[in-house]
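First the structure, in the form of structure tokens, and then the observations on it.
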Amino acid sequence: MIRKDRIVGIEHGGFLLLLVLVTIALAMISWPFWGPILWATLAAIIFRPLYDWMLARMPRYPNRAAGAALLVILFAVLLPALWIASIVVRQAAGIYIAFRDGNVDVAEWFQTLIAALPTSIRSQLESTGWTDLPMVQERLQEVLTESAGLIARQAVAIGGSALTWVLAFGVGLYVTYFLLRDGKVIGHAIARALPMNRRISERLSEKFLSIVRATIKGSIVVGMVQGALGGITFWIVGVPSAILFGVLMAVFSLLPAVGPAIVWGPAAIWLLATGAVWEGVVVIISGVAVIGMADNVLRPILVGRDTGIPDWLVLVTTLGGIASIGLSGIVLGPLVAGLFLAGWSMLSEFRDRPETDRIADVVDEVDILPDAET
């Protein structure tokens, strides 16, 4: 009996080892397309209600429902996003070239701004060295050149590997189609296969979905709205490269507390300092009453419930995610933070429960035979 149990244990361990190796091999093979697969998964989660709506109108044709939902995503979301991205790249490249060739006189901007400040503030800046024109000019030009140049260099990189980008885009659409159609079945299968208590895996799955939806709808959608409002405001007052600055406001809206004010605040100061008084006032009013209020109004409507992640942790994980893996870190950073908090919270709940309840949870996971003979 002991030898038989040992053989069974060895066979079970061998199977688990094979499963781990195959999983690692699959991950390595799929790694070049991890970005498209990730965004396809997020798109399938967010647009699942759209697929369900399509399926309700053609219940016998899930393939057609998934195809119709994918067409809506393509023409309503992806193609407009690519069009805006092309404009942003063109405007960023123009700013980069202007700074590189010296066509933008940063010194004149700086002198105008310093002269427009009150005497007390000007003296305070002089005491700290911030009126040292060569130093400030060098730092400001370096920051602006690097910021615009980063976008321009990314555009060059994408253009240089156009075939790879098109292939990744096609893979993303292809995976989105099948995840829309079969995502619910795949999700349940993964939750059942996880080597943990069924109730814990189900709660983690629910937490995963809620965090993804909250991150996409409560951050990215709100950021897009704030960026659009900021871009329209800049276009009205005549600020050049309004779409580029609108996209920057959408990105900075992910940062708690400050958000889009990082962009529209300096723009308003620059407009006031250069004599464009009504334009600066319009930017300030729009930034406070329109762009700033959009977050307070839309986030409760879109999210519906709090994810339970503190703002400081959202800030740290968002910036850390972007620094580590790029744009995908906007979602993965808060997602990891949310799962981290949910996991430790469930562990605390499980340890505080009576031992009889823990045993009952384990028994629920085991298929009990009807009698010993079977």
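The listed residues are Ala250, Ala261, Ala268, and the only one of them that is open to solvent by 20 Å² or more (accessible area, probe 1.4 Å), in contact (Cβ under 8 Å) with a residue 12 or more places away in the chain and farther than 17 Å from Val221 by Cα turns out to be Ala261. The condition of being in contact with a Pro (Cβ under 8 Å, 6 or more places away or on another chain) and modelled with pLDDT under 80 holds for only one of Thr374, Thr318, Thr356, that being Thr318. Among all residues of region 48-55, there is at least one that is open to solvent by 70 Å² or more (accessible area, probe 1.4 Å), closer than 28 Å to Val221 by Cα and either among the aromatic types (Phe, Trp, Tyr) or at pLDDT 85 or above (or both). List pairs: first in region 321-344 and farther than 22 Å from Val221 by Cβ, second at pLDDT below 80 and open to solvent by 20 Å² or more (accessible area, probe 1.4 Å), Cβ under 6 Å, 6+ apart or cross-chain? Hits for this filter: Ala342/Lys207. Filtered by the rule that a residue be over 15 Å from the mean Cα position of the chain (by Cα) and of a type in the set (Gly, Ala, Ser), region 232-265 gives Gly238, Ser241, Ala242, Gly246, Ala257, Ala261, Gly265.
Pairs meeting the criteria (first residue in region 192-207 and over 23 Å from Leu16 (Cα atoms) and open to solvent by 100 Å² or more (accessible area, probe 1.4 Å), second residue among the small types (Gly, Ala, Ser) and assigned to a helix (DSSP H, G or I), beta carbons under 8 Å, at least 6 apart or on different chains) are Arg203/Ala342. Applying a threshold of 7 Å to beta carbon distances and a minimum spacing of six or more residues, or different chains, the list of pairs starting in region 76-94 at a residue that is under 21 Å from Val239 (Cβ atoms) and ending at one that is at pLDDT 85 or above reads Ile84/Ile243; Ile87/Ile243; Val88/Ile243; Val88/Leu244; Val88/Val247; Gln91/Ile243; Gln91/Leu244; Ala92/Leu244.
Under the condition of being without any contact (Cβ under 8 Å) to a residue 40 or more places away in the chain and open to solvent by 70 Å² or more (accessible area, probe 1.4 Å), which residue from region 57-75 is nearest to the chain's Cα centre (by Cα)?
Step one: list which residues in region 57-75 are without any contact (Cβ under 8 Å) to a residue 40 or more places away in the chain, which gives 57-61, 64, 68, 71-72, 75.
Now narrow it down to the ones that are open to solvent by 70 Å² or more (accessible area, probe 1.4 Å): 57, 59-61, 64, 71, 75.
Values: Arg57: 32, Pro59: 33, Arg60: 35, Tyr61: 33, Arg64: 29, Leu71: 23, Phe75: 21 Å.
Within region 57-75, the match that is nearest to the chain's Cα centre (by Cα) is Phe75.
Going residue by residue through region 321-330, is there one that turns out to be modelled with pLDDT of 80 or more and open to solvent by less than 30 Å² (accessible area, probe 1.4 Å)? Looking through region 321-330, at least one residue is modelled with pLDDT of 80 or more and open to solvent by less than 30 Å² (accessible area, probe 1.4 Å).
Scan Ile37, Ile24 and give me the residue that is open to solvent by 50 Å² or more (accessible area, probe 1.4 Å), over 26 Å from Trp165 (Cβ atoms) and not hydroxyl-bearing (Ser, Thr, Tyr). Steps first, please.
On the way: Ile37 fails: over 26 Å from Trp165 (Cβ atoms).
None of the other options fit; the residue is Ile24.
The values are calculated or read from the model by the stated rules, or taken from the named source; none is laboratory data. Nothing here was measured: the structure is a model prediction, and the numbers come from that model. FYI the Cβ positions are ideal-geometry reconstructions off the backbone, even for glycines, and counts take in every protein chain you see. With ligands, DNA and RNA removed, areas are computed over all heavy atoms of the protein, side chains included. Shrake-Rupley method; radii C 1.70, N 1.55, O 1.52, S 1.80 Å.
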